[in-house]
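The structure is given below, and queries will be raised subsequently.
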Amino acid sequence: MRSLINILDLSTGEIEELIQVANDIIKNPKAYSDKCRGKKLATLFFEPSTRTRLSFEAAMYELGGNVLGFSEAMSSSAAKGESVADTIKTVSCYADIIAMRHPKEGAPLVASMNTEIPIINAGDGGHNHPTQTLADLLTIYREKGSLNNFTIGFCGDLKFGRTVHSLIAALSRYEGIKVVLVSPKELRIPNYVKTELLEKNKIEFTETTELEEVISELDILYMTRVQRERFFSEEEYLRLKDSYILNEEKLINAKKDLAVMHPLPRVNEISVSVDNDDRACYFKQVLNGKYIRMALMLKLLEVE
Amino acid sequence: MMNIDPIKNGIVIDHIKAGKSMELYHYLNLENLDCSIAIIKNAPSKKLGKKDIIKIDAAINIDLDVLGYIDPDITIDTIKDGVLVDKRHLELPEILTGVIKCKNPRCITSTEQELAHTFKLTDRENRVYRCIYCEAESNE
Ligand SMILES: [Zn+2]
């Protein structure tokens, strides 16, 4: 049985297939409401992430299945020092599939090496979060009709933003993608993303510090949070923070069919007034996240 | 070249970068063997100019992955009844387990002591190994 640890575990063909199933679920949810009758999802959240956990749980309930699990390490045996391997071997006796979030990088891989049931990585530290990337890909597909031929801007904290790195990794396998990287100098994209993903796959990319200079070129704008604690000085933060806040004024020069995305939660990097703009897609992204998790669980559980 | 008795049954670790033989000797725990071992330093070499050679007069098993990781240019000759029966060119191993350690403090190997530290060769040209768990690059 297969697991999903890294977005690149899935071929582009398999991603396409998941997107098609998700689209079909959106069109015809009733046809899927009984597909996982009698199946159990265990959500093992060794660190809390309410929105990701709820998305997995809602996905399983909408497939007619059941959910068990824990939502923080304190309430689990990990607090008593149990190894990931032992926890997983135990839970595998009760569940058919596991969604796991863990503060340590690589923990879901360790889990998958110790069980026969599928493991879904629901975030391992700052490392991978493949179902977020799947939600992003479904959103791009639904907004743009394809995963090829568009210009996507990533704006904000590109250094620590794992959602950005994973999405770039996923997109680097498609045709005609142009990437525009907008960030303060201190939060520029790590070098390995440029060399091992963008350059290696011959993806055209540019780097800038000014969102306003490039916004008119974009088909998709992927915003991320710029956290205060990432800055070297308070002065620097105050100087830069506004340039990475998206508001209606900055959108004036943007394309009419721009899709504004954000992995959420947001703090203030997208002004609330943008929510009513047709170009805002971040709440659709949340909903898409649930549908793609439904499609993923159907696939991993090999439910027809 | 210096005269050293040819070995009957054993292995010759050849084309070691000059000066590296003692490091290998310790890495392979050769000090624990009681057979005769010859270490030849700075032997002339067409390919390397100078090289080191280790001759071990016993048919022992050697961890080729470790050797390949330390120096992929090394060759291993196996001698049986005085005859060269196998000449092996090493290469960087695809998977390396228990040789180098992941130093990323956010990696699961930092808290789970039982886990084997395993690395995967992700870029042969630039000799890049990454931890299979956290994908951090090895810096050894
Ligand atoms: Zn590691």
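The values are calculated or read from the model by the stated rules, or taken from the named source; none is laboratory data. Remember, predicted model here, so these are calculated numbers, not experimental data. Every residue, glycine among them, receives a Cβ derived from its backbone with ideal geometry; neighbour counts consider all protein chains shown. What goes into the accessible areas is simple: the full protein's heavy atoms, side chains included, and nothing from ligands, DNA or RNA. Shrake-Rupley method; radii C 1.70, N 1.55, O 1.52, S 1.80 Å.
Looking at A:E204, is it under 27 Å from A:I15 (Cα atoms) and within 14 Å of chain B (Cβ to nearest Cβ)?
Criteria not met by A:E204.
Matching residues to (1) more than 26 Å from A:V193 (Cβ to Cβ); (2) hydroxyl-bearing (S, T, Y); (3) in a loop (DSSP other than H, G, I, E, B):
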| residue | (1), (2), (3) |
| --- | --- |
| A:E212 | no, no, no |
| A:Y222 | no, yes, no |
| A:L238 | yes, no, no |
| A:K255 | no, no, yes |
| A:P265 | no, no, yes |
| A:D275 | yes, no, no |
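Still on this structure, please answer the following. Taking the range A:110-137 as the search range and keeping residues that are in a strand (DSSP E or B) and over 18 Å from A:K290 (Cβ atoms), which one is nearest to the other protein chains (Cβ to nearest Cβ)?
My answer is A:D124.
Go through the range A:177-189 and give me each residue that's under 19 Å from A:T12 (Cβ atoms) and open to solvent by 30 Å² or more (accessible area, probe 1.4 Å).
A:K178
Which one is nearest to B:A136 (Cα to Cα) among residues in the range A:184-200 that are more than 14 Å from every other protein chain (Cβ to nearest Cβ) and out of contact with any strand residue (DSSP E or B) (no Cβ under 8 Å at 6 or more places or on another chain)?
Residue satisfying both the conditions and the ranking: A:L187.
Sort through A:Y192, A:Y174 and tell me the only one that's surrounded by fewer than 21 Cβ atoms within 10 Å (Cβ to Cβ) and in a helix (DSSP H, G or I).
A:Y192
Test A:L68 against the stated conditions and say whether it is without any contact (Cβ under 8 Å) to a residue 12 or more places away in the chain and either open to solvent by 30 Å² or more (accessible area, probe 1.4 Å) or among the basic types (K, R) (or both).
Answer is no for this residue.
Output the residue which, of all residues in the range B:124-136 that are open to solvent by less than 50 Å² (accessible area, probe 1.4 Å) and not small (G, A, S), is farthest from the ligand (Cβ to nearest atom).
B:V128
Considering only the range B:89-140, how many residues are part of a loop (DSSP other than H, G, I, E, B) and either closer than 21 Å to A:K104 by Cβ or within 16 Å of the chain's Cα centre (by Cα) (or both)?
30
Same structure again: Would you mention how many residues in the range B:97-121 are open to solvent by 70 Å² or more (accessible area, probe 1.4 Å) and more than 7 Å from chain A (Cβ to nearest Cβ)?
6
Also: Taking B:L92 as meeting all but one of (1) away from the ligand (no atom under 13 Å from the Cβ); (2) within 14 Å of another protein chain (Cβ to nearest Cβ); (3) open to solvent by less than 20 Å² (accessible area, probe 1.4 Å), write down the number of the exception.
(2)
Restricting attention to the range A:80-109, and to residues there that are away from chain B (no Cβ under 13 Å) and part of a helix (DSSP H, G or I), which single residue is surrounded by the most Cβ atoms within 10 Å (Cβ to Cβ)?
A:V91
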